[in-house]
1. Need the failing condition index for residue 230 against (1) at negative phi; (2) more than 10 Å from the ligand (Cβ to nearest atom), just the number.
2. From the list 93, 112, which one is without any contact (Cβ under 8 Å) to a residue 40 or more places away in the chain, crowded, with 21+ Cβ neighbours inside 10 Å and not in a loop (DSSP other than H, G, I, E, B)?
3. Name every residue in segment 73-90 that is in contact with a helix residue (DSSP H, G or I) (Cβ under 8 Å, 6 or more places away or on another chain) and part of a helix (DSSP H, G or I), in order of residue number.
4. Checking the condition at pLDDT 95 or above and surrounded by fewer than 14 Cβ atoms within 10 Å (Cβ to Cβ), which residue from 131, 157, 79 passes?
5. Run residue 208 past the list (1) closer than 15 Å to residue 120 by Cα; (2) buried (at least 18 other Cβ atoms within 10 Å of the Cβ); (3) out of contact with any helix residue (DSSP H, G or I) (no Cβ under 6 Å at 6 or more places or on another chain) and report the number of the one that doesn't hold.
6. Which residue, of 260, 223, is in contact (Cβ under 8 Å) with a residue 40 or more places away in the chain, closer than 25 Å to residue 188 by Cα, more than 8 Å from the ligand (Cβ to nearest atom) and in contact with a helix residue (DSSP H, G or I) (Cβ under 6 Å, 6 or more places away or on another chain)?
7. Take residue 243 and tell me if it is within 16 Å of the ligand (Cβ to nearest atom), closer than 30 Å to residue 54 by Cβ, in contact with a helix residue (DSSP H, G or I) (Cβ under 6 Å, 6 or more places away or on another chain) and at pLDDT 95 or above.
8. Out of everything in segment 143-189 that is over 22 Å from residue 76 (Cα atoms) and within 16 Å of the ligand (Cβ to nearest atom), what residue ends up being nearest to the chain's Cα centre (by Cα)?
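The values are calculated or read from the model by the stated rules, or taken from the named source; none is laboratory data. Owing to the predicted nature of the structure, the values given are computational and were not obtained by experimental measurement. Quick reminder, even Gly has a Cβ in these numbers, built from the backbone with ideal geometry, and neighbours come from all protein chains shown.
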Ligand code: OAD
């Protein structure tokens with residue numbers, strides 16, 4: 001029997017299927033992964049762009065570099081749409097098979113595809129968080145796009161750039177300052193989201209591990225937590241990752257091809273009943 005059919009049988013007999021996704025699932029939407037050739041960190045090293053102190057220092061030394069970093073990522077994100085991999089996961093949730101998606105991605109594409117239970121352990125690029133009260137502010141895709149265009153046109157001064165950003169992101173009602181609600185290197189993961197992820201993985205009897213290198217902790221420890229509690233793991237990735245040793249089934253291939261294949265086989269079996 002083929003690996004794909006064996007994986008489908010595992011999915012069908014499971015009671016609580018959860019997916020953990022990484023940058024790989026969005027690669028076919030045109031969003032580059034972080035690591036490997038052509039990865040984001042190759043062009044923008046984390047030592048200069050990966051945390052707030054480094055970004056602040058880079059901004060004061062060379063504001064244009066930081067503008068280029070944010071506008072390039074912003075353009076990529078706001079041009080991206082869910083691909084067949086995201087859409088197949090949304091369909092698996094609608095069919096009651098998939099209970100939740102835990103994602104390391106900040107691109108909002110699982111929600112755009114239609115998934116309702118998305119746990120974002122690294123934040124969301126469209127959301128801003130008040131540093132004082134924690135209140136959230138969500139920027140629409142079209143507004144982020146407009147903000148990027150205006151920032152690109154603003155080449156005057158650091159202050160001009162800061163003013164431009166503030167014109168799109170009003171201060172919080174409590175008077176506190178808002179910052180991008182994404183996790184940078186060295187920062188804690190959002191506790192509420194992590195707790196939700198652990199609750200899902202505690203119940204989970206099958207984990208779909210999709211498009212992650214498993215190089216960044218603590219997210220990379222989540223699959224072993226599920227495994228220790230008896231979950232089977234099906235991994236989807238064009239190349240082995242540092243988590244492949246935990247996988248019961250390794251489906252080599254692109255998420256945008258393999259997940260629809262899993263879904264279609266499940267549909268065929270359900271329709272034949
Ligand atoms: P990585 O860039 O580390 O890994 C991407 C993975 O996706 C690799 O294992 C690729 O082989 C795989 N891949 C590539 N194309 C694929 C495709 N079409 N379908 C399926 N898989 C594919 O990205 P992450 O593991 O998500 O953190 O990185 C984890 C974290 O590192 C990110 O969330 C980010 C980064 O630093 C923060 O920003 C806090």
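1. (1)
2. On the way: 112 fails: crowded, with 21+ Cβ neighbours inside 10 Å.
Answer to the selection: 93.
3. Residues of segment 73-90 that are in contact with a helix residue (DSSP H, G or I) (Cβ under 8 Å, 6 or more places away or on another chain), as a first pass: 73-75, 77-78, 80-90.
Once the filter is applied, which keeps residues that are in contact with a helix residue (DSSP H, G or I) (Cβ under 8 Å, 6 or more places away or on another chain) and part of a helix (DSSP H, G or I), segment 73-90 yields 73, 74, 75, 77, 78, 84, 85, 86, 87, 88, 89, 90.
4. On the way: 131 fails: at pLDDT 95 or above; 157 fails: at pLDDT 95 or above.
Within the list 131, 157, 79, the selection yields 79.
5. Result: residue 208 fails condition (1) only.
6. Working: 260 fails: closer than 25 Å to residue 188 by Cα.
Unique residue meeting the criteria: 223.
7. Working: within 16 Å of the ligand (Cβ to nearest atom): yes; closer than 30 Å to residue 54 by Cβ: yes; in contact with a helix residue (DSSP H, G or I) (Cβ under 6 Å, 6 or more places away or on another chain): yes; at pLDDT 95 or above: yes.
Against the criterion (within 16 Å of the ligand (Cβ to nearest atom), closer than 30 Å to residue 54 by Cβ, in contact with a helix residue (DSSP H, G or I) (Cβ under 6 Å, 6 or more places away or on another chain) and at pLDDT 95 or above), residue 243 qualifies.
8. 189
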